[in-house]
Amino acid sequence: MAVAVTSCRLSQFTSTLIFRSSLISQPRSATLQISNGSITPKASSHRSRPSNPQRGSSSSSSSSSKSSGEKNIPGRSKDGRPNSYADGNGGREDIGRAQSTSVKSFGKQRKDKKDIRFDLRQQVEPENLQNSAFLNAVVKVYCTHTTPDYSLPWQKQRQYTSTGSAFIIGDGKLLTNAHCVEYDTQVKVKKRGDDTKYVAKVLARGVDCDIALLSVESKEFWEGAESLNFGRLPCLQDAVTVVGYPLGGDTISVTKGVVSRIEVTSYAHGSSDLLGIQIDAAINPGNSGGPAFNEQGECIGVAFQVYRSEAAENIGYVIPTTVVSHFLKDYERNGKYTGFPSLGIFWQKLENPALRACLKVQSNEGVLVRRVEPISDSNNVLKEGDVIVSFDDIRIGCEGTVPFRSSERIAFRYLVSQKFAGDVAELGIIRAGKLMGVNVVLNPRVHLVPYHIDGDQPSYIIIAGFVFTTLSEPLIDEESEDSIGLKLLAKASYSLARFKGERIVILSQVLANEANIGYEDMSNQQVLKFNGTRIKNIHHLAHLIDSCKDQDLVFEFEDNYIAVLERKAATAALPCILKDYGIPSERSSDLLEPYLYREVVDPARNKEENI
């Protein structure tokens, strides 16, 4: 990545979007200091990475700092950037990198134990709401998290606990935020006025929309339980009341405010762009997952993140019922959550008259397609240079907006987010001055470098002490940017998958042994080829290693760096390496499954290959 990208990560953005409003238990060494009416926990700085790669379990301060809950984001720079993403999910070019930057800065702050400021304003329980029946539907969530150690992918970090909020929606289910139950090993809930905690199960977790669906098997929990009713999307200046259990309190808390803005906004947890409601009611750690009510006592959304900046105050965000409804319908349709779809393009505004004239666009409308994702269905229909002027017969303005309600406009990504995976969108496009209609199948985006890892364990394989794993945003968070290197950061920012299943495989580290003398200092380098065959993903690499009959194992990395291992010596040394470093298995469980061949066409090489 260019140096400018790194400096952007480190210094450009002074604002902070705090999405982990669930309250993390502080280590014993933490102290609370009152400063300007807010509580700021102070804790020891994150551990430094020792030279010995076998670190064992993470320290207590590490587990707390890994979840302290702040992400730096560029605020609303999206609206000011000339290039934008066209769909409801964040991408990795331009606007997508801004979101990935928030992920990076958040990870950095977790490691450095940056201060968490808890805003105590408006944390009251109004007398007129104290006995309202709908408040009884709000419950407190207790979660024990065990985060994978992406640098040592065969083990987990030290567990930590957090508290958040949830609410009953009927049919034996509850809603909360996905980040409240991330990497959960145990989830418990407690009703208002009750002293019993009940074990809950996570049925579905929507990372991109930051929503999770819970269930409780105990019949006692549901005795006298009342579910909430969902209301319509509110209007500007409508009164809103946020209910939850902030700051770890055992009694319910109510804060009041008004709706100050409704627009497509950044979802920090999933690095996505979906409709959001901005409010001025206080949202603090622990409020996450709690409902927001209108004056009629109807739920109009789920509290999930706040915006912190020296230049702005009282900016909180609520997931609207339209997004919640999409999540629930997706789960009902498929028996699991499949995600919000994307159009799979990068686009540019057409405000400039000369640009429109050059593209033969007669009217003041449309957006320019400047890049298409190779693995999206749009790649079969759209071309670079096309101008999209309508989406399902709704005209798109030259700023990329469409009409919204009576007198408002909103980013046309909102229209994409209303679709489900597999739905077809009708696009009106102008190509070489001719107007035509095309149909595009919408599917969730698959990132070349994933923002989140599905399952309990990152994929890895060890051969002669060489630890290979998949490059992911959590791994980038865990490692320092200097350690990852600018080239890998640039690929994480701007590269697109050329075919389904493609992933970046890196040599994470080398566990010193006689079998790998001279390679001990290698770390975080992308492996491109094994014995002359280009690597598609880590499962492909494991298959190539297992089926290799050659005398030598030849790994080719970026910058023409080559590492050669003698195959028999590497196999003989593996048991000793696993024992010396306390590693239970040479590979993750998913790589024990047989590798499946599937013929695909790699557009970059224009030939068929096995992956």
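The values are calculated or read from the model by the stated rules, or taken from the named source; none is laboratory data. Computed from a predicted structure; not experimentally measured. No Cβ is skipped: glycine too gets one built from the backbone with ideal geometry, and neighbour counts run over all protein chains shown.
Quick one: in the range 341-393, of everything that is small (Gly, Ala, Ser) and either assigned to a loop (DSSP other than H, G, I, E, B) or in contact with a Phe, Trp or Tyr (Cβ under 7 Å, 6 or more places away or on another chain) (or both), which residue is surrounded by the most Cβ atoms within 10 Å (Cβ to Cβ)? Please lay out each step first, then the result.
Of the residues in the range 341-393, the ones small (Gly, Ala, Ser) are 342, 344, 354, 357, 363, 366, 376, 378, 385, 390.
Next cut, either assigned to a loop (DSSP other than H, G, I, E, B) or in contact with a Phe, Trp or Tyr (Cβ under 7 Å, 6 or more places away or on another chain) (or both) only: 344, 363, 366, 376, 385.
Working: 344: 30, 363: 12, 366: 25, 376: 24, 385: 12.
So, considering only residues that are small (Gly, Ala, Ser) and either assigned to a loop (DSSP other than H, G, I, E, B) or in contact with a Phe, Trp or Tyr (Cβ under 7 Å, 6 or more places away or on another chain) (or both), the one surrounded by the most Cβ atoms within 10 Å (Cβ to Cβ) is 344.
I want to confirm something. Restricting to the range 116-155 and keeping residues that are assigned to a helix (DSSP H, G or I) and of a type outside the set (A, V, I, L, M, F, W, C), which single residue is modelled with the lowest pLDDT?
As a first pass, look at the range 116-155 and keep what is assigned to a helix (DSSP H, G or I): 127-129, 133-137.
With the extra rule that they be of a type outside the set (A, V, I, L, M, F, W, C), the set shrinks to 127-128, 136.
Working: 127: 48, 128: 55, 136: 90.
Going through the qualifying residues, I end up with 127.
Can you name the residue in the range 235-251 that is of a type outside the set (S, T, N, Q) and under 13 Å from residue 303 (Cβ atoms) and is also surrounded by the most Cβ atoms within 10 Å (Cβ to Cβ) among such residues?
Looking only at the range 235-251, we keep the residues that are of a type outside the set (S, T, N, Q), and these are 235-236, 238-240, 242-250.
Applying the additional criterion that residues be under 13 Å from residue 303 (Cβ atoms) yields 240, 242-246.
Details: 240: 25, 242: 27, 243: 27, 244: 32, 245: 29, 246: 29.
So, considering only residues that are of a type outside the set (S, T, N, Q) and under 13 Å from residue 303 (Cβ atoms), the one surrounded by the most Cβ atoms within 10 Å (Cβ to Cβ) is 244.
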Has the range 293-314 got any residue that is farther than 30 Å from residue 448 by Cβ and in a helix (DSSP H, G or I)?
no
Cβ contacts < 6 Å: first residue assigned by TED's automatic domain parsing to the domain that holds residue 268, restricted to the range 307-328; second residue at pLDDT below 85 and among the acidic types (Asp, Glu), any location; separation 6+ or different chain. Result?
none
Odd one out for residue 338, checked against (1) part of a loop (DSSP other than H, G, I, E, B); (2) out of contact with any helix residue (DSSP H, G or I) (no Cβ under 9 Å at 6 or more places or on another chain); (3) among the hydroxyl-bearing types (Ser, Thr, Tyr)
(2)
Give me the pairs, please: first residue somewhere in the range 343-365 and touching a residue at least 24 places away in the same chain (Cβ under 8 Å), second residue anywhere and among the basic types (Lys, Arg) and part of a loop (DSSP other than H, G, I, E, B), beta-carbon distance under 8 Å, and either six or more positions apart or on two chains.
344/445
Checked the range 505-538 for anything surrounded by fewer than 16 Cβ atoms within 10 Å (Cβ to Cβ) and within 21 Å of residue 579 (Cβ to Cβ); matches are 514, 517, 520
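Tell me yes or no: at least one residue of the range 161-182 is surrounded by 21 or more Cβ atoms within 10 Å (Cβ to Cβ) and part of a loop (DSSP other than H, G, I, E, B). Full working, then the answer.
Narrowing the range 161-182 to residues surrounded by 21 or more Cβ atoms within 10 Å (Cβ to Cβ): 162-168, 174-182.
Restricting the remaining residues to those that are part of a loop (DSSP other than H, G, I, E, B) gives 177, 182.
Yes, that holds for at least one residue.
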Qualifying residues in the range 243-270 (those that are part of a loop (DSSP other than H, G, I, E, B) and within 25 Å of residue 207 (Cα to Cα)) - the one modelled with the lowest pLDDT:
270
Cβ-Cβ distance below 9 Å, separation of 6 or more or different chains: which pairs start in the range 199-215 with a residue that is at positive phi and end on one that is of a type in the set (Phe, Trp, Tyr)?
210/19; 210/267; 210/304
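Being farther than 22 Å from residue 203 by Cα and basic (Lys, Arg) narrows it down to one residue among 383, 329, 336; which is it?
Matching residue, one of 383, 329, 336: 383.
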For residue 415, indicate whether it is within 28 Å of residue 501 (Cα to Cα), crowded, with 17+ Cβ neighbours inside 10 Å and assigned by TED's automatic domain parsing to the domain that holds residue 425.
yes
Could you tell me which of the residues 224, 276, 286, 193 is farther than 30 Å from residue 447 by Cβ and touching a strand residue (DSSP E or B) at 6+ places or on another chain (Cβ under 7 Å)?
286
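Let me confirm something: among 541, 489, which residue is more than 22 Å from the chain's Cα centre (by Cα) and either surrounded by fewer than 20 Cβ atoms within 10 Å (Cβ to Cβ) or not β-branched (Val, Ile, Thr) (or both)? Write out each step before concluding.
Values: 489 fails: more than 22 Å from the chain's Cα centre (by Cα).
Among 541, 489, only 541 is more than 22 Å from the chain's Cα centre (by Cα) and either surrounded by fewer than 20 Cβ atoms within 10 Å (Cβ to Cβ) or not β-branched (Val, Ile, Thr) (or both).
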Can you give me the number of residues within the range 306-342 that are farther than 28 Å from residue 287 by Cβ and more than 18 Å from the chain's Cα centre (by Cα)?
3
Give the residues of the range 553-563 that are surrounded by 12 or more Cβ atoms within 10 Å (Cβ to Cβ) and either outside the structural domain of residue 501 (by TED's automatic domain parsing) or at pLDDT 95 or above (or both), sorted by residue number.
553, 554, 555, 556, 557, 563
